[in-house]
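Asker: What follows is a single structure, and I will ask about it in a moment.
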Amino acid sequence: MGIQENIQSIRRRMDAAACAAGRRPEDILLVGASKMNSAAACREAAAAGIDALGENRVQELLEKYEQGAYEGVPLHFIGHLQRNKVRQIIGKVALIHSVSSLELLTEIDRQAEKHGLRQPVLLEVNIGREESKSGFLPEALFDAAAAARDFAHVEVQGIMAIPPAELEEHGNLPYFQQVYALYIDINCKLYHNGFKYLSMGMSDDFEDAIAAGANMVRVGSAIFGARNYQK
Ligand SMILES: *Cc1c(COP(=O)(O)O)cnc(C)c1O
């Protein structure tokens, strides 16, 4: 199946999951995780009406940006971001999903100020407490979200999470529910319910993420096919 058919089929499954959860399908956004896929594949996804494309690596993003991969579609940064790379993506990305420290936020704020803009970001929570992942630990997220309000050139629009790779079906549902509880609490107590996005769920579990309250899912292989790490 092609990219367009894959997107249509994922959309249908997203809509069904939204409906089953008593939510409106149009409130849930599909971000294509396009890492390791060509600029042509990105354009195909954009033409098929994907809501945004998300990249993981700055170098790859810049190369594909030059090739016009993201024309007509919002570009997101979803991977681990190093502080010294921030300046290369500010002005290009509509949303950074993966803010994992206040030091990184400080640099985003600094570069956004230079560009005269306010950068939308999400705070990443390391919900599985995994050494291998970045993100704020769940118990540190509230204080980080409070501190983040003081940055003039950053706008925190919500929370993002990548739970542990679960082998069991529905294995991530409890993590998604924990993230949702944090999202609701922080949104109410610190942000006057002004949050827009709860970004969680990937190819294997986006329906469970939607059931638990996600309104932005990041789907890669189910749209673009399996990634070839040998290349
Ligand atoms: C690659 C990636 C995804 C999508 O993963 P799939 O399992 O291919 O759907 C989502 N989020 C992030 C941060 C990713 O790096």
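The values are calculated or read from the model by the stated rules, or taken from the named source; none is laboratory data. These figures come from a predicted structure and were not determined experimentally. Don't worry about glycine lacking a Cβ; one is built from the backbone with ideal geometry, like all the others, and counts go over all protein chains shown.
Asker: Considering only segment 20-41, state which residues are crowded, with 21+ Cβ neighbours inside 10 Å and over 23 Å from ASN228 (Cα atoms).
Answerer: Of everything in segment 20-41, just one residue is crowded, with 21+ Cβ neighbours inside 10 Å and over 23 Å from ASN228 (Cα atoms), namely ILE28.
Asker: Tell me which residues, restricted to segment 83-101, are surrounded by fewer than 24 Cβ atoms within 10 Å (Cβ to Cβ) and within 10 Å of the ligand (Cβ to nearest atom).
Answerer: Within segment 83-101, SER98 is the sole residue that qualifies.
Asker: If you don't mind, there's one more thing I want to ask. Which of the residues belonging to segment 212-223 are in contact with a helix residue (DSSP H, G or I) (Cβ under 7 Å, 6 or more places away or on another chain) and either among the basic types (Lys, Arg) or near the ligand (Cβ under 8 Å from one of its atoms) (or both)?
Answerer: Hits for segment 212-223 are VAL219, ALA222, ILE223.
Asker: Related question: If you check ALA112 against the conditions, is it without any contact (Cβ under 8 Å) to a residue 60 or more places away in the chain and buried (at least 16 other Cβ atoms within 10 Å of the Cβ)? Explain how you work it out, then say what you get.
Answerer: Numbers: without any contact (Cβ under 8 Å) to a residue 60 or more places away in the chain: yes; buried (at least 16 other Cβ atoms within 10 Å of the Cβ): yes.
Criteria met by ALA112.
Asker: I would also like to ask the following. Looking at GLU44, GLU55, which one is within 16 Å of the ligand (Cβ to nearest atom), crowded, with 19+ Cβ neighbours inside 10 Å and of a type in the set (D, E, K, R)? Walk me through how you get there before you give the answer.
Answerer: Values: GLU44 fails: within 16 Å of the ligand (Cβ to nearest atom).
None of the others qualify; the one that does is GLU55.
Asker: If I filter segment 5-15 for residues that are closer than 29 Å to GLU130 by Cβ, more than 15 Å from the ligand (Cβ to nearest atom) and at pLDDT 95 or above, do I get at least one hit?
Answerer: Within segment 5-15, not a single residue is closer than 29 Å to GLU130 by Cβ, more than 15 Å from the ligand (Cβ to nearest atom) and at pLDDT 95 or above.
Asker: Of all residues in segment 174-206, which are within 19 Å of ARG129 (Cβ to Cβ) and away from the ligand (no atom under 16 Å from the Cβ)?
Answerer: PRO174, GLN177, GLN178, TYR180, ALA181, LEU182, TYR183, ASP185, ILE186
Asker: Now for a different question. In segment 58-82, how many are in a helix (DSSP H, G or I) and within 16 Å of the ligand (Cβ to nearest atom)?
Answerer: Going through segment 58-82, the residues in a helix (DSSP H, G or I) turn out to be 58-66.
From what is left, the residues that are within 16 Å of the ligand (Cβ to nearest atom) are 58-61, 64.
The total comes to 5.
Asker: Kindly check whether there is at least one residue in segment 11-19 that is under 27 Å from VAL125 (Cβ atoms), crowded, with 18+ Cβ neighbours inside 10 Å and touching a Pro at 6+ places or on another chain (Cβ under 8 Å).
Answerer: There is at least one residue in segment 11-19 that is under 27 Å from VAL125 (Cβ atoms), crowded, with 18+ Cβ neighbours inside 10 Å and touching a Pro at 6+ places or on another chain (Cβ under 8 Å).
Asker: Separate question: Do we find that LEU30 is part of a helix (DSSP H, G or I), under 16 Å from the mean Cα position of the chain (by Cα) and of a type in the set (A, V, I, L, M) in this structure?
Answerer: Numbers: part of a helix (DSSP H, G or I): no; under 16 Å from the mean Cα position of the chain (by Cα): yes; of a type in the set (A, V, I, L, M): yes.
The answer is no for LEU30.
Asker: Next question. Give GLU166, GLU155 a once-over and let me know the one that is within 16 Å of the ligand (Cβ to nearest atom) and either without any contact (Cβ under 8 Å) to a residue 40 or more places away in the chain or among the small types (Gly, Ala, Ser) (or both).
Answerer: Details: GLU155 fails: within 16 Å of the ligand (Cβ to nearest atom).
The match here is GLU166.
Asker: Pairs under 7 Å by beta carbon, first residue closer than 22 Å to MET160 by Cβ and free of Cβ contacts under 8 Å to residues at least 40 places away in the same chain in segment 42-70, partner of a type in the set (S, T, N, Q) and surrounded by 22 or more Cβ atoms within 10 Å (Cβ to Cβ), six or more apart or different chains?
Answerer: These pairs meet every condition: CYS42/SER34; LEU53/SER34; GLU55/SER34.
Asker: For SER38, are the conditions met, namely being closer than 30 Å to MET1 by Cβ, modelled with pLDDT of 95 or more, hydroxyl-bearing (Ser, Thr, Tyr) and within 13 Å of the ligand (Cβ to nearest atom)?
Answerer: In short, no.
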